[in-house]
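Single-structure report; data block below.
Values quoted throughout were computed directly from the atomic coordinates according to the rules given, and no laboratory measurement underlies them. Predicted model only: the values in this text are computed from it and were never measured. Neighbour counts run over all protein chains shown; Cβ positions are idealised from the backbone, glycine included.
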Amino acid sequence: MTQLGGAGSTVQAVYEFGESLVETVGEMALGLVDPRVLLPRTLYTLTGDPLQRSVEAVRLTLSGDAGAAFQELLNKSEIFVLVAAVSGLIGAPSAGAATPGGPVEPYPLDELVARCYALGDFQALWAIEGLGHEYGDFVWAQGEVPHGLLTSPHTATLPAGSLLMLHAGIGLSMAQHLLRGPSWESPAELRRLLAEIVGLDRANSQPGYLGAALESLGLVTRTFHPTLVPAVDRELRVVAPEAVGFFWHGVGRAIYFWIVNFLPCSAWQGYEMAAREATDELARLNAEAGMAWAQVLVNQRQPQSLYELIVKPHGEDLRARGGFVNGLASSIMMRFDTTPAAPFIEAFCRWEPPAGDSQGSALWDELVRLPCRQALEVWYPVLKRQHRLGEIFEFRDLAALTGTAGRGRGGTR
């Protein structure tokens with residue numbers, strides 16, 4: 001155990017909580033424990049009265065940066081547990097209940113999506129992604145190769161706002177199922193598997209949403225097979241070069257949720273990790289955009305945390321690197337499409353740094369406030385109307401993509 005000085009026992013308690021959480025998350029990732037069993041214990045740890053007192057103590061005794069880091073840790077943990085346990089929370093049919101070789105049973109997708117939304121605006125987005133994953137796994141477990149999961153007639157009544165994250169979820173299922181075995185040790189076999197994954201993403205995606213499914217390949221690879229990332233990048237450029245940007249965007253998202261980055265004060269290290277692992281400029285921009293995409297969504301209810309952890313201390317670097325603003329704008333559009341009535345969207349976009357911090361305010365305006373306004377008022381309406389929202393799951397020049405260069409630059413409060 002590393003001993004921390006300065007703020008005494010409170011800081012030590014925070015660090016011990018982080019270590020305990022990393023151990024729990026690691027056990028879930030390795031399949032050593034069932035997250036549905038851990039859920040009540042974990043939620044108590046995250047929201048129970050002892051922690052509430054600790055959080056209050058952190059706010060009173062630690063610096064703003066440390067408090068923001070602790071808040072980010074809580075937000076990450078809530079999402080990780082939610083996605084892992086979504087099946088039990090919404091009563092989704094278990095893949096273990098499927099009958100291999102039998103007829104594919106009807107899957108109550110509409111009802112389950114409604115249950116995801118009933119969890120609340122913030123939780124719904126992540127729950128829907130988890131549901132898409134469960135849906136794909138259920139079909140695989142019946143001995144069927146998934147086809148038409150989101151294009152068959154029975155999906156026509158799904159809420160439009162659920163489609164982006166449902167596609168992300170089925171992409172997780174395709175990649176995770178096919179990358180399980182050791183056969184990817186052969187470059188030729190890896191190329192075959194990657195072509196099959198991309199083909200299945202296409203076969204199960206609605207027009208305009210494919211990018212959300214493709215991005216999940218990077219998330220799965222970096223999370224479960226991190227040493228495989230360079231090989232997937234190399235072979236994907238041969239068999240499906242159009243998927244490379246999406247792949248690296250998913251790698252960036254995985255880096256944000258990587259186990260070591262659950263420890264407090266890891267916010268900036270994720271960007272450096274993304275840059276180190278990237279194989280070229282295309283990969284770097286997408287990995288950093290994916291990192292920002294996840295970080296903004298996780299901290300959207302607490303914009304001050306994003307300001308204190310990233311924008312204020314690292315704003316100049318973010319401006320030079322380029323991926324952050326794209327990831328932020330894309331995440332805002334995706335969040336708005338999924339839960340347009342969520343009050344924290346507008347609250348995030350309207351938030352301002354403390355008075356008197358002119359340099360920090362200028363960075364926040366450039367990197368956050370103005371891109372938020374452009375995303376919601378200029379870019380999103382075009383992409384929604386043209387059925388191209390899946391394209392925001394990779395780094396793109398959004399003004400060029402939408403043909404809106406020069407519009408909305410002043411922003412509005």
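May I ask for the net charge around GLY169, where only other residues with Cβ less than 14 Å from the Cβ of GLY169 are counted and Lys, Arg are +1 while Asp, Glu are -1?
Details: positive: ARG253; negative: GLU129, GLU134, ASP137, ASP201, GLU215.
Overall, the nearby charge balance is -4.
How much net charge surrounds ILE79 when only the other residues with a Cβ under 14 Å from the Cβ of ILE79 are counted, with Lys and Arg +1 and Asp and Glu -1?
Numbers: positive: LYS76, ARG253, ARG301, ARG335; negative: GLU72, GLU78, ASP121, GLU129.
Taking every Cβ under 14 Å from that of ILE79, the sum is 0.
Do me a favour and compute the ellipsoid semi-axes for the range 250-313 from its Cα gyration tensor, root of five times each eigenvalue, largest one first, whole Å.
19, 12, 11
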